[in-house]
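Peer 1: Pasting in a structure now, in structure tokens, and then I'll have a few things to ask.
The values are calculated or read from the model by the stated rules, or taken from the named source; none is laboratory data. Computed from a prediction, not measured in an experiment: that's the story for all the values here. Neighbour counts are summed over all protein chains in view; Cβ atoms, including those assigned to glycine, are modelled from backbone coordinates with ideal geometry. What goes into the accessible areas is simple: the full protein's heavy atoms, side chains included, and nothing from ligands, DNA or RNA. Shrake-Rupley method; radii C 1.70, N 1.55, O 1.52, S 1.80 Å.
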Amino acid sequence: MPDAPLTPDKRTLDPAQAFTKNPPAPFVELGVTSCFSFLHGASDAVDLVTTAWKMGYDRIGIADRNSMAGIVRLHVEAKAAKMKPVIGTRLILTCGAEFLAYPKDRDAYGTLCALISKGRMTGPNGEWQEKGRCDISLADLAAHQDGVTLIAVPPEDLAPFEADLPRLTAALPQLTHIAAAHLYRGEDHARIERLDRLARAQGLRIVATNDVHYHTPERRPLQDVMTCIREKCTLKDAGFRLHANAERYLKSPEEMARLFQRWPHAIRESVLIAKRLKFSLDELKYEYPEDDIPAGRSPDDHLRILTEEGAAERYPDGVPEKVRDAIAKELAFIEKRELARYFITIQEIVAFGRSQNILCQGRGSAANSAVCFCLGITSVDPALNEVLFERFLSADRNEPPDID
């Protein structure tokens, strides 16, 4: 069995590596399951992206099972390789229906995240969900489909899928495609032709995928072992619980075009779908709450006043010059980075906790902040201790604040 890192978050591409931007490829793989689909996918983002880049892909999708857990890693690695990451998820409903779901914009991404959160937090009867489960009903998906491109993933047995397809299309106006993949069971042509007819009958289209679970065929043994762990069985007894072959690897655009030469429209649809998906994780940023700031004050003005009031309470005999200088320096940095609302919010949380006799104490690098001390968030007196604000916030690191 080849080496297979089980802690993919520890690996990353070197942005300085000589990656060049590939020209537009004739196919985009949207059915990628990464190792963030726990005990399902057997390859991490580094291997998937590197392999895709070498094959000439200019984009790669990701659709982990009821999760967005792998999107950040794939986004980072794809950007390093000068590829466009296409962000999505694979939704497995309580009724058994499966969909690749790709948000077209930021609002749709938020909607999908809310749907997954709902499924992971509460069960079908509204009770708290056990860890690892995600119960999403068709009604839940119907209520969270705006702006989402939905691709139905058919099971091996097409008879129940065909019978249920009218119900799915009626409930899901955003359902536009059916995923078509070779199963290598000897009847692929007949199967894909049937899917094509089903799609046309419902006003849908088929889109090609290889239902990728690993980046290379050599990774299949690891995927088998992971399946056995998931199913609590041995390789000897796994039987049909394992994939029937080692074909669920990332194939090149040219190979996919060859496999679907009888259905070139299924290849074209993958590119058309990807081009319509404009959402990028680059659009996301920290957005702090709209605090109850008195009329006429900006967030920075309010934070300065709160800090001055706190300093007066901390130092009833007068604020030491050392502390005043530290406060001025920190407030200037906070204003430049537009972080005032964050500090105001944390101060409100601490004040509320103490008003309810809830013990709370800021710790860690935040103790290096004179502003945090004056706001009552931390208890390390900068007048009596040598604090280093840069341990907490630094222009060199360009990181948001994190107060524990």
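Peer 1: For Glu330, only one of the following conditions fails: (1) of a type in the set (D, E, K, R); (2) open to solvent by less than 10 Å² (accessible area, probe 1.4 Å); (3) over 25 Å from Ile293 (Cα atoms). What is its number?
Peer 2: Glu330 satisfies all of (1) of a type in the set (D, E, K, R); (2) open to solvent by less than 10 Å² (accessible area, probe 1.4 Å); (3) over 25 Å from Ile293 (Cα atoms) except (3).
Peer 1: If you don't mind, there's one more thing I want to ask. What number goes with the only condition from (1) in a helix (DSSP H, G or I); (2) buried (at least 23 other Cβ atoms within 10 Å of the Cβ) that Val76 does not pass?
Peer 2: (2)
Peer 1: Kindly provide the set of residues from the range 315-347 that are assigned to a loop (DSSP other than H, G, I, E, B) and farther than 22 Å from Glu386 by Cα, ordered by number.
Peer 2: Arg337, Glu338, Leu339
Peer 1: Please enumerate the residues belonging to the range 204-247 that are within 17 Å of Asp64 (Cα to Cα) and either not acidic (Asp, Glu) or not in a loop (DSSP other than H, G, I, E, B) (or both).
Peer 2: If the condition is that a residue be within 17 Å of Asp64 (Cα to Cα) and either not acidic (Asp, Glu) or not in a loop (DSSP other than H, G, I, E, B) (or both), then Thr209, Asn210, Val212, His213, Tyr214, His215, Gln223, Met226, Thr227, Arg230 are the ones that fit.
Peer 1: Moving on to the next point. Sort out which residues of the range 79-94 are in a loop (DSSP other than H, G, I, E, B), out of contact with any Asp or Glu (no Cβ under 7 Å at 6 or more places or on another chain) and either under 15 Å from Asp282 (Cα atoms) or without any contact (Cβ under 8 Å) to a residue 60 or more places away in the chain (or both), and write them in order of number. Show your work before the answer.
Peer 2: Restricting attention to the range 79-94, the residues satisfying the condition of being in a loop (DSSP other than H, G, I, E, B) are 81-83, 93-94.
Next cut, out of contact with any Asp or Glu (no Cβ under 7 Å at 6 or more places or on another chain) only: 81-82, 93.
Across the range 79-94, the qualifying residues are Lys82, Leu93.
Peer 1: Taking the range 106-164 as the region of interest, how many residues are open to solvent by 60 Å² or more (accessible area, probe 1.4 Å) and aromatic (Phe, Trp, Tyr)?
Peer 2: Looking only at that region, the number is 1.
Peer 1: Kindly list, by first and then second residue, each pair from a residue in the range 100-121 that is without any contact (Cβ under 8 Å) to a residue 60 or more places away in the chain and over 23 Å from Asp211 (Cβ atoms) to a residue that is open to solvent by 10 Å² or more (accessible area, probe 1.4 Å) and among the acidic types (Asp, Glu), limited to pairs with Cβ atoms under 9 Å and residues at least 6 apart or on different chains.
Peer 2: Hits for this filter: Asp107/Asp146; Thr111/Asp146; Lys118/Asp135; Lys118/Asp140; Arg120/Asp135.
Peer 1: Can you tell me which of Ala311, Ala351, Ala295 is assigned to a helix (DSSP H, G or I), open to solvent by 40 Å² or more (accessible area, probe 1.4 Å), among the aliphatic types (A, V, I, L, M) and out of contact with any Ser or Thr (no Cβ under 6 Å at 6 or more places or on another chain)?
Peer 2: Ala351
Peer 1: Kindly indicate the residue of the range 162-193 that is part of a loop (DSSP other than H, G, I, E, B) and without any contact (Cβ under 8 Å) to a residue 24 or more places away in the chain and also nearest to Gly96 (Cα to Cα) among those meeting that condition. Steps first, answer last, please.
Peer 2: First, pick out the residues of the range 162-193 that are part of a loop (DSSP other than H, G, I, E, B): 172-174, 181-187.
Add one more test, that the residue is without any contact (Cβ under 8 Å) to a residue 24 or more places away in the chain, and what stays is 186-187.
Numbers: Gly186: 25, Glu187: 23 Å.
Looking at the filtered set, the residue picked out is Glu187.
Peer 1: Name the residues in the range 372-395 that are in contact with a helix residue (DSSP H, G or I) (Cβ under 8 Å, 6 or more places away or on another chain), assigned to a loop (DSSP other than H, G, I, E, B) and either without any contact (Cβ under 8 Å) to a residue 12 or more places away in the chain or surrounded by fewer than 21 Cβ atoms within 10 Å (Cβ to Cβ) (or both), would you?
Peer 2: Gly376, Ser379, Val380, Asp381, Ala383, Leu388, Ala395
Peer 1: Of Arg241, Arg230, Arg220, Arg205, which residue is closer than 24 Å to Ser270 by Cα and either in contact with a strand residue (DSSP E or B) (Cβ under 7 Å, 6 or more places away or on another chain) or surrounded by fewer than 20 Cβ atoms within 10 Å (Cβ to Cβ) (or both)?
Peer 2: Being closer than 24 Å to Ser270 by Cα and either in contact with a strand residue (DSSP E or B) (Cβ under 7 Å, 6 or more places away or on another chain) or surrounded by fewer than 20 Cβ atoms within 10 Å (Cβ to Cβ) (or both) holds for just one of Arg241, Arg230, Arg220, Arg205, which is Arg205.
Peer 1: Hey, could you check the range 41-73 for residues that are in a loop (DSSP other than H, G, I, E, B) and under 17 Å from the mean Cα position of the chain (by Cα) and say which is nearest to Asp105 (Cα to Cα)?
Peer 2: Met68
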